[in-house]
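Each remark here refers to the structure printed beneath this line.
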Amino acid sequence: MTKAKHIPKRTCAGCNQKREKKDLIRVVRMYTKEGSRAALIDLKGKMQGRGVYVCRKHECLKRLRKGKRIERKLRVPYNNTVYDQIKEEILKHE
């Protein structure tokens, strides 16, 4: 008998549903050289830092933007470019 392979699951910050890690987009909090915090998209899922996961759905993106969930969860200032990058990734996978 072979042992079943573990598939990591993460919770989407938009809809709060658990999904496989590979199906989600990761947003990471990074520190700049000046010491300030910034949010970046981690496409490979390997960057260091605190992360938030997002589904590849427009509804989740709307909830994130409306509730400023990335800013609250990662404690970073509002940055519209992160949401635009997430939107581009969603459009790529449709």
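The values are calculated or read from the model by the stated rules, or taken from the named source; none is laboratory data. It should be emphasised that the depicted structure is a prediction, and the values quoted were computed from it without experimental measurement. Note that each Cβ is placed from the backbone with ideal geometry, even for glycine, and that neighbours are counted across all protein chains shown.
Structure notes:
- Gly35 at pLDDT below 95, part of a loop (DSSP other than H, G, I, E, B), of a type in the set (Gly, Ala, Ser) and more than 29 Å from His6 (Cα to Cα): yes
- Of all residues in region 52-61, those satisfying the criterion of being assigned to a helix (DSSP H, G or I) and in contact with a helix residue (DSSP H, G or I) (Cβ under 8 Å, 6 or more places away or on another chain) are His58, Leu61.
- Selected residue (criterion: surrounded by the most Cβ atoms within 10 Å (Cβ to Cβ)) from residues of region 1-16 that are among the β-branched types (Val, Ile, Thr) and outside any strand (DSSP E or B): Ile7
- Single unsatisfied condition, Arg56 versus (1) free of Cβ contacts under 8 Å to residues at least 40 places away in the same chain; (2) surrounded by fewer than 18 Cβ atoms within 10 Å (Cβ to Cβ): (2)
- Considering residues of region 17-41 that are closer than 10 Å to Tyr53 by Cβ and surrounded by 17 or more Cβ atoms within 10 Å (Cβ to Cβ) only, the residue farthest from the chain's Cα centre (by Cα): Leu24
- Matching residues, region 42-53, being crowded, with 16+ Cβ neighbours inside 10 Å and among the hydrophobic types (A, V, I, L, M, F, W, C): Val52
- A Cβ distance below 9 Å, combined with a sequence gap of six or more or placement on separate chains, defines the contacts here; from region 32-48, residues that are under 18 Å from Glu71 (Cβ atoms) reach residues that are assigned to a strand (DSSP E or B) and hydroxyl-bearing (Ser, Thr, Tyr) in the pairs Arg37/Tyr31; Ala38/Tyr31.
- Annotation note: of Gly45, Gly49, the sole residue that is in a loop (DSSP other than H, G, I, E, B), under 10 Å from the mean Cα position of the chain (by Cα) and not β-branched (Val, Ile, Thr) is Gly45.
- Candidate set from region 62-89 (those that are of a type in the set (Lys, Arg) and assigned to a helix (DSSP H, G or I)); member that is nearest to Ile25 (Cα to Cα): Lys87
- Residues being charged (D, E, K, R) and either touching a residue at least 24 places away in the same chain (Cβ under 8 Å) or buried (at least 17 other Cβ atoms within 10 Å of the Cβ) (or both) - total across region 72-93: 4
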